[in-house]
1. Checking residue 125 against (1) modelled with pLDDT of 85 or more; (2) within 16 Å of the ligand (Cβ to nearest atom), which test does it fail?
2. Mind listing whichever residues of region 58-81 are of a type in the set (A, V, I, L, M), crowded, with 17+ Cβ neighbours inside 10 Å and away from the ligand (no atom under 16 Å from the Cβ)?
3. Output the residues belonging to region 106-137 that are part of a helix (DSSP H, G or I) and in contact (Cβ under 8 Å) with a residue 40 or more places away in the chain.
4. Quick one: how many residues across region 219-269 are within 24 Å of residue 291 (Cβ to Cβ) and among the hydroxyl-bearing types (Ser, Thr, Tyr)?
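The values are calculated or read from the model by the stated rules, or taken from the named source; none is laboratory data. These numbers were taken from a predicted model, which means no experiment stands behind them. All Cβ positions, glycine included, derive from the backbone under ideal geometry; neighbour counts span all protein chains shown.
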Amino acid sequence: MTSSEIHTPPATAGESEPQQEPSGAVIAIPAGGGAFRGRYLDHAPGPVATARLLLELFGVRYRSREGLRRAAAELIYAHPGGWRHLGAATSKDREIRPRRAPAPVGACYCHQDDGTPSPAYIEAALAAHARAETAHLHGNASAASVLPPGTSAGPGHPALITRGSVPEGIDLIYLMYRDGLLIEVRDGAHPDSGRFTPAIVELPWGNEIDPVSVESAVAAVRARTPADIARAKVAEILTETADRLRAIPAHHDLVLHLLAGNSRFLSIPREHGPETALARAAGLHTSELPGHLHRLERGEQIQLLRQAASLLNPATHPAL
Ligand SMILES: [Zn+2]
């Protein structure tokens, strides 16, 4: 590093992030079947700034066909301690910017500025080596007996982070693919399972990002509740039923039969179920629904199903 560079990341100004948001995140590469291999990144000031930095990094440092492989080698495998920050800020420009090779890609927890391993990291590695030898002598050389106990990751804890071991307090994962970046967010509808849900389908390398759409997609996953998911599912069932009803020539009592068939794996209370939604859309009590459906023409039944879906989830099922 040159003397004009600042070692500690500057406070970010201008990004409209929620207060108190932990800045740590995980950067990762996919490992097949939904798995990933990741490292801790301490300075990750929100989805927009972090995504932008990663996109810029792939623009200036990992831009060839071999870009992803080189990113994996450098960002994931060469630095088991994880990252304080990626890129660097200068005294002229306090925003952290990506660096071209061969400058260091950022500041990690396992190496010092001159590239030699940090004393703390050497100590941890020596301890792991001693555990490996002991485990070998006892005929128990499994990884679990060698690696540090627990799934701790974060400042100073060398740890490969996988889907099953995302540390508490981290709610964003930046997955780097060959074609672009995918942001996964801790899903508000599954607060206890630690499930992460993709917020943005694709942020292709080489494109500008739209801050508003990134922020709103991330916020939407964070703010989801189990009721939101049930509502979306019921709306989907109503629409599927409308589609099937349109496709088959049959008696109109079939509406409820089809609804029941489509809902048989749905484990939500009846008062939140498709029949109740249908009755609500018709402005009736559920007990009046069968008679009402009997009086409707096929087209009117389909219309009612779509209307009920739209009331539940207008974003996915817009009103006709
Ligand atoms: Zn390192």
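1. Residue 125 satisfies every listed condition except (1).
2. Initial filter on region 58-81 (of a type in the set (A, V, I, L, M)): 60, 68, 71-73, 75-76, 78.
Now drop any that are not crowded, with 17+ Cβ neighbours inside 10 Å, which leaves 68, 71-72, 75-76.
Across region 58-81, the qualifying residue is only 68.
3. Filtering region 106-137 down to residues part of a helix (DSSP H, G or I) leaves 119-137.
Of everything in region 106-137, just one residue is part of a helix (DSSP H, G or I) and in contact (Cβ under 8 Å) with a residue 40 or more places away in the chain, namely 121.
4. Number satisfying all stated conditions: 3.
Matching residues to (1) in the same structural domain as residue 35 (by TED's automatic domain parsing); (2) not β-branched (Val, Ile, Thr):
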| site | (1), (2) |
| --- | --- |
| 183 | yes, no |
| 196 | yes, yes |
| 202 | yes, yes |
| 217 | yes, yes |
| 231 | no, yes |
| 261 | no, yes |
| 264 | no, yes |
| 270 | no, yes |
| 280 | no, yes |
